[in-house]
């Protein structure tokens, strides 16, 4: 079978290798999945660049996100049957409750072989049912970005109808946050720097869209859009030091700022300090995807609300996966980048 392997973490995308390898064998508690689609996350881009802060054991089959069909099961498997449509779980060991050190070291595409290949073997507990309303390309986007957004909104302080949610930009987590929050009856404020993207965010259901380039104090603007100027209940913080200052200006007392990424870079002399959580009476929370139990909850919500992930117009075949990496690194995408495998 064909497989994209992260051969190392020093040479960037040059460490991505398309190889021909044997189809993996199924153990007694494992499932063989014929993968139909995968999708990329910012995490996948920084792993070969050596910038990922969690465990990596190269060489490893790339990517965490995948959807496919069960084609063989081990002798002790009870959860799945041949023909079942499934989606991968990001941290295979994170089944329920809080993530722990052991579970954090079971990430697909980092420590364990991932999804950028034609077939994959996974423990039966490392998969969830594909939502019945989604195709494989859509379902392949749920593993990381979808579950991260769900965990941010429900994992610590549950999102309630009438709450206000702020999402930054038009990457995978932010778009999922918009869709999930809108379905829950929340008011959604989104940020972007593009008029075209702003129009699309409005069509997706954002109640307010702020241009962070023309409004450098967008945090204060966002706060003023909330009832009584009280502030935002949930902020999905993906920018890092460059956006955190404005997030603090926007957050409500007892609100939650979910720290998800650092697409704006990691170095800033003026970055807010941890003590700012006290002076703003808010919670900074690092979010590391989520558990299988949370993902099953998300799948049910996606089905009952008929939520469809936003997949970028450019879908790449498996042979051109490196082009997908370059496309995402150049920030040409809107929503999730999908890779068609079969």
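Things worth noting here:
- Among residues of region 3-27 that are under 18 Å from residue 40 (Cβ atoms), none has a beta-carbon under 6 Å from a residue that is part of a strand (DSSP E or B) and modelled with pLDDT under 95 at least six positions away or on a different chain.
- Residue count for region 170-206, restricted to those that are in contact (Cβ under 8 Å) with a residue 40 or more places away in the chain, in a helix (DSSP H, G or I) and under 19 Å from the mean Cα position of the chain (by Cα): 11
- Selection of region 309-325 for residues being surrounded by 14 or more Cβ atoms within 10 Å (Cβ to Cβ) and in a loop (DSSP other than H, G, I, E, B) yields 309, 310, 312, 314, 315.
- When residue 243 is tested against (1) under 20 Å from the mean Cα position of the chain (by Cα); (2) in contact (Cβ under 8 Å) with a residue 40 or more places away in the chain; (3) part of a helix (DSSP H, G or I); (4) closer than 30 Å to residue 306 by Cβ, just one condition goes unmet, and that condition is (4).
- Evaluated against (1) at pLDDT below 95; (2) crowded, with 18+ Cβ neighbours inside 10 Å; (3) over 22 Å from residue 179 (Cα atoms); (4) touching a helix residue (DSSP H, G or I) at 6+ places or on another chain (Cβ under 6 Å), residue 248 falls short on exactly one condition, (1).
- Just one residue in the set 328, 295 is surrounded by 19 or more Cβ atoms within 10 Å (Cβ to Cβ) and not assigned by TED's automatic domain parsing to the domain that holds residue 99; that residue is 295.
The values are calculated or read from the model by the stated rules, or taken from the named source; none is laboratory data. All figures in this text were calculated on a predicted structure; none of them were measured in a lab. Every residue, glycine among them, receives a Cβ derived from its backbone with ideal geometry; neighbour counts consider all protein chains shown.
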